[in-house]
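**Student:** My questions all concern the structure below.
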Amino acid sequence: MSAHKIIIAIDGFSSCGKSTLAKELAAKLGYSYIDSGAMYRAITLYFLRNQVDYSDHAAVLDAISNISLSFVFNDETGRSEMYLNEENVDPYIRDMIIAEKVSEVAAIREVRSFAVAQQKRMGRKKGIVMDGRDIGTAVFPDAELKIFMTADPEVRVMRRFKEMYETNPQVTIDEVRHNLELRDYIDSTREESPLHQAADAILLDNSNLSKEEQLDIVLEWVKDRATNPRPVSPNN
Ligand code: DC
């Protein structure tokens, strides 16, 4: 049977290496990669810049109506970058100030409906790898392949610390640990689409796997799902 283009949904806690895996998979398969967290980060940047009061329902709706998000492929870096209202905000959205607020913003119902509607549209043609917290549960409940990633908490802290240290040498390991713990807590206990493993997601613990080993394992899963697609639910 020939390989079909599928949807690959990758969820998991912060700094489990979701985006690394998702990017490598997309490159290998010729699929597009969408970092759904970047969308919540860009919305958070807009809220901070415009001092939007999160507790004010009307202010949130008004802010959202003024936000346009898009991913633009950069030929030089070979990556898609996040644009907020035509501005490339990719250089700013991974700052600690955004990391400190993004889970609160991502917990707002109206913010989620806005982002999820766009994410669903991006998957219409399949051939997509999307990572986030609710991709297999809310965005693409019928995705052919769902992966739930996890890794030892200290491994995750050191990975994120090294990543942040490159652009911000002032950052401390304790700050990073505190931020990850807080985000895990908010992301998994919020009312709207809390982070949890979908019943049909495959668990991938990469604490002791190299990037190459991890990619090889997942490519086998893709091969299986792309040649034996699961039946799509009748209401899809
Ligand atoms: O993947 P990330 O660390 O860039 O995500 C930033 C935040 O956005 C994360 O703390 C939770 C939220 N998020 C979400 O609620 N749903 C998603 N699909 C992706 C991210």
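**Student:** Between V89 and residues 5 or more places away or on another chain, which pairs have amide H atoms under 5 Å apart, with H built 1.01 Å from N, and which residues are they?
**Tutor:** Placed amide hydrogens put M82, Y83, L84 under 5 Å from V89.
**Student:** May I pose another question? Too long at a 25 Å Cα-Cα cut-off: which of K28/K125; K101/K162; K5/K101; K101/K125; K125/K211?
**Tutor:** Violating the 25 Å limit, Cα to Cα: K5/K101; K101/K125; K125/K211.
**Student:** Of the listed peptides 67-74, 101-108, 48-55, what is their order by residue-averaged count of other C-beta atoms within 10 Å, with the highest listed first?
**Tutor:** Going by the mean number of other Cβ atoms within 10 Å, highest first, we get 101-108, 67-74, 48-55.
**Student:** Oh, and also: Of I97, N206, A59, which is farthest on the positive side of the dipole of the chain, counting Cα position, with +1 on Lys and Arg Cβ, -1 on Asp and Glu Cβ, and the Cα centre as origin?
**Tutor:** N206
**Student:** With the contact rule set at Cα under 8 Å and sequence spacing of 6 or more, what percent relative contact order holds for the range 1-111?
**Tutor:** 23 percent
**Student:** Moving on to the next point. Just grab the label-to-label distance for T77 and E175, each label 7 Å out from Cα along the Cβ direction, in nm (one decimal).
**Tutor:** The modelled label-to-label distance comes out at 2.1 nm.
**Student:** With a 1.4 Å probe and every protein chain kept in, tell me what percent of the accessible surface of the chain is carbon plus sulfur.
**Tutor:** 51 percent
**Student:** Another question about this same structure. By how many degrees, between 0 and 90 and to the nearest 10, does the Cα long axis of helix 173-189 differ from the longest principal axis of the chain?
**Tutor:** Approximately 70 degrees, to the nearest 10.
**Student:** Related question: To test your reading of the geometry: what angle, between 0 and 90 degrees and rounded to tens, separates the Cα axis of helix 18-29 from the longest principal axis of the chain?
**Tutor:** 40 degrees
**Student:** How far is helix 36-49 tilted off the main Cα axis of the chain, in degrees rounded to 10, range 0 to 90?
**Tutor:** Long axis of 36-49 versus the principal axis of the chain: about 10 degrees.
**Student:** By the scheme Lys and Arg +1, Asp and Glu -1, what is the net charge of all other residues having a beta-carbon under 9 Å from that of D90?
**Tutor:** For residues surrounding D90, the net value is +1.
**Student:** In debye, nearest 20: dipole of the chain around its Cα centre with unit charges on the Cβ of K, R (+) and D, E (-)?
**Tutor:** I would put it at about 760 debye.
**Student:** Relative to the Cα centre, what is the charge dipole magnitude of the range 125-193, using +1 at the beta carbon of each Lys and Arg, -1 at the beta carbon of each Asp and Glu, and rounding to the nearest 20 debye?
**Tutor:** 260 debye
**Student:** Kindly state, as a whole number, the per residue volume in cubic angstrom of the convex hull around the alpha carbon atoms of the chain.
**Tutor:** Once divided by residue count, the hull of the chain is 135 Å³.
**Student:** According to a simple spin-label model (label point 7 Å from Cα along Cα-to-Cβ), what is the distance in nm between T227 and S68?
**Tutor:** Taking the simple label geometry, S68 and T227 are separated by 4.5 nm.
**Student:** Find the eigenvalues of the gyration tensor of the Cα atoms of the range 34-76, then list the square roots of 5 times those eigenvalues as equivalent ellipsoid semi-axes, largest first, in whole angstrom.
**Tutor:** Each semi-axis is √(5λ); the values are 24, 10, 9 Å.
**Student:** Taking the range 45-152 on its own, what percent of its Cα-Cα pair distances exceed 20 Å?
**Tutor:** Distances greater than 20 Å cover 50 percent of the Cα pairs.
**Student:** Moving on. Compute the separation of the alpha-carbon centres of the range 23-65 and the range 73-132 and state it in Å as a whole number.
**Tutor:** Here the two parts' Cα centres lie 4 Å apart.
**Student:** Multiplying the sequence separation of N85 and E220 by 0.36 nm and subtracting their Cα-Cα distance, what value in nm do you get?
**Tutor:** Once the chain is fully extended between N85 and E220, it gains 44.7 nm.
The values are calculated or read from the model by the stated rules, or taken from the named source; none is laboratory data. The model shown is predicted, which means the values in this text are computed figures rather than measured ones. Backbone-built Cβ (ideal geometry, glycine too); neighbour counts: all protein chains shown. Surface accessibility is based on the protein's heavy atoms, side chains included, excluding ligands, DNA and RNA. Shrake-Rupley method; radii C 1.70, N 1.55, O 1.52, S 1.80 Å.
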